[in-house]
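The values are calculated or read from the model by the stated rules, or taken from the named source; none is laboratory data. No experiment lies behind these values; they were computed from the predicted model shown. We place every Cβ from the backbone using ideal geometry, glycine too, and count neighbours over all the protein chains shown. These accessible areas exclude ligands, DNA and RNA; they are computed on the full protein's heavy atoms, side chains included. Shrake-Rupley method; radii C 1.70, N 1.55, O 1.52, S 1.80 Å.
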Amino acid sequence: PLSQRDYYLQRISDYILPGGYCVFFEHNPYNPLTRYLVSTCPFDANAELISLPHLTDLLKGHNLNVIESKYCFYFPEFLKVFDRFENYLSMMPFGGKYYVMAKKNM
């Protein structure tokens with residue numbers, strides 16, 4: 001939940017050694033299909049999606065420097081022929097998911 005994000009990010013940060021890395025994969029709330037799938041999935045019943053910019057800001061507040069972030073999963077399986085273009089789209093916030101790689105400050 002939104003109210004517990006700072007708490008859990010601090011716990012994650014506490015477990016990472018200085019100079020260590022962590023990677024977050026998240027659903028992209030800017031993608032309408034992702035929002036629909038999350039809203040209809042029982043497993044995600046209480047999920048509160050977080051945007052890449054918001055997650056990046058939270059990480060910075062917990063001694064973690066973002067070193068890479070990209071949107072991904074633009075095409076469904078039946079359109080996998082287009083996957084080769086995904087790297088060119090990775091900065092556009094339309095992929096189904098995104099990832100953020102961060103490094104803990106020394």
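Overview of values
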| quantity | calculated |
| --- | --- |
| So residue 105, is it modelled with pLDDT under 95 and more than 17 Å from the chain's Cα centre (by Cα) | yes |
| Some residue of region 17-28 being without any contact (Cβ under 8 Å) to a residue 12 or more places away in the chain, loosely packed, with under 11 Cβ neighbours inside 10 Å and farther than 19 Å from residue 98 by Cα | no |
| Verdict on residue 13 being polar (S, T, N, Q), open to solvent by less than 50 Å² (accessible area, probe 1.4 Å), out of contact with any Cys (no Cβ under 7 Å at 6 or more places or on another chain) and part of a strand (DSSP E or B) | no |
| Options 9, 33, 52, 58; residue that is modelled with pLDDT under 95 and under 15 Å from residue 94 (Cβ atoms) | 33 |
| Some residue of region 39-50 being of a type in the set (Phe, Trp, Tyr), open to solvent by 100 Å² or more (accessible area, probe 1.4 Å) and touching a residue at least 24 places away in the same chain (Cβ under 8 Å) | no |
| Residues satisfying the stated conditions in region 59-70, i.e. under 12 Å from the mean Cα position of the chain (by Cα) and either open to solvent by less than 40 Å² (accessible area, probe 1.4 Å) or not aliphatic (A, V, I, L, M) (or both) | 59, 68, 69, 70 |
